Amino acid sequence: GAVVSQHPSWVICKSGTSVKIECRSLDFQATTMFWYRQFPKQSLMLMATSNEGSKATYEQGVEKDKFLINHASLTLSTLTVTSAHPEDSSFYICSESIQGARETQYFGPGTRLLVL
Amino acid sequence: DAKTTQPPSMDCAEGRAANLPCNHSTISGNEYVYWYRQIHSQGPQYIIHGLKNNETNEMASLIITEDRKSSTLILPHATLRDTAVYYCIVRSKGGSEKLVFGKGTKLTVNP
């Protein structure tokens, strides 16, 4: 299957700072990438859909000014958590959508964010 | 909201088959059944998907009932590494469609 990487794998930051998470498609050119968030003992919740060269589509209740998404190339999407607060501490996971016969999403390994 | 219903947890003995059920009684004609799993602290892993025919790959088999209202994921010889949360998801054909995750089934494979 497709390979998706995320960087960093974990990050600790102070409250009020901004954190950027990268999601890379290593063997496919992903037109669409998705960003999910997962709190402890809960399921994945979709935050936004990221389309190359256009603005991201955010799910209801997700603040687009707080979670900035950039998808400038077919292989890279970034999520920036601006002015992070302790309640933003979570597991952030991206996935890519492969167009074609398989029509399957492949997920990155996730980034664990801890805001102090 | 997720369109599927799964038992919250199951146990299986190592080496035995694990049969994970999923109900999707409101599935529509153009929706596929997808299965993913998530091992602790990792991103979800694609397992298999199907429309109406049974499917098999190197990881698992997917059995879909004739009325398509339920399905079963079968891991033929479960190992300890198969311990994970298994998610059954229905979605329309097309790579841009988002996945809606329910709570899944926590499968524990015991030695």
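Some notes on this structure:
- Residue list for segment B:54-78, filter: assigned to a loop (DSSP other than H, G, I, E, B) and either of a type outside the set (D, E, K, R) or open to solvent by less than 60 Å² (accessible area, probe 1.4 Å) (or both): B:ASN54, B:ASN57, B:MET59, B:ALA60, B:THR65, B:ARG68, B:PRO76, B:HIS77, B:ALA78
- Those strands (runs of 3 or more DSSP E) of segment B:8-53 in which 3 or more residues are loosely packed, with under 15 Cβ neighbours inside 10 Å and modelled with pLDDT under 90 are absent.
- Test result for B:ARG81, assigned to a loop (DSSP other than H, G, I, E, B), away from every other protein chain (no Cβ under 13 Å) and over 11 Å from the mean Cα position of the chain (by Cα): no
- Residue within segment A:81-88 that is more than 9 Å from every other protein chain (Cβ to nearest Cβ), open to solvent by less than 50 Å² (accessible area, probe 1.4 Å) and assigned to a strand (DSSP E or B) present: yes
- Those residues of segment A:14-55 which are open to solvent by 40 Å² or more (accessible area, probe 1.4 Å), away from every other protein chain (no Cβ under 12 Å) and touching a residue at least 40 places away in the same chain (Cβ under 8 Å), in sequence order: A:LYS14, A:SER15, A:GLY16, A:THR17, A:SER18, A:LYS20, A:GLU22, A:ARG24, A:LEU26, A:GLN29, A:PHE39
The values are calculated or read from the model by the stated rules, or taken from the named source; none is laboratory data. Just so it is clear, the structure is predicted and the values come from calculations on it, not from any experiment. Neighbour counts run over all protein chains shown; Cβ positions are idealised from the backbone, glycine included. Please note that ligands, DNA and RNA were not included when accessible areas were found on the heavy atoms of the full protein model with its side chains. Shrake-Rupley method; radii C 1.70, N 1.55, O 1.52, S 1.80 Å.
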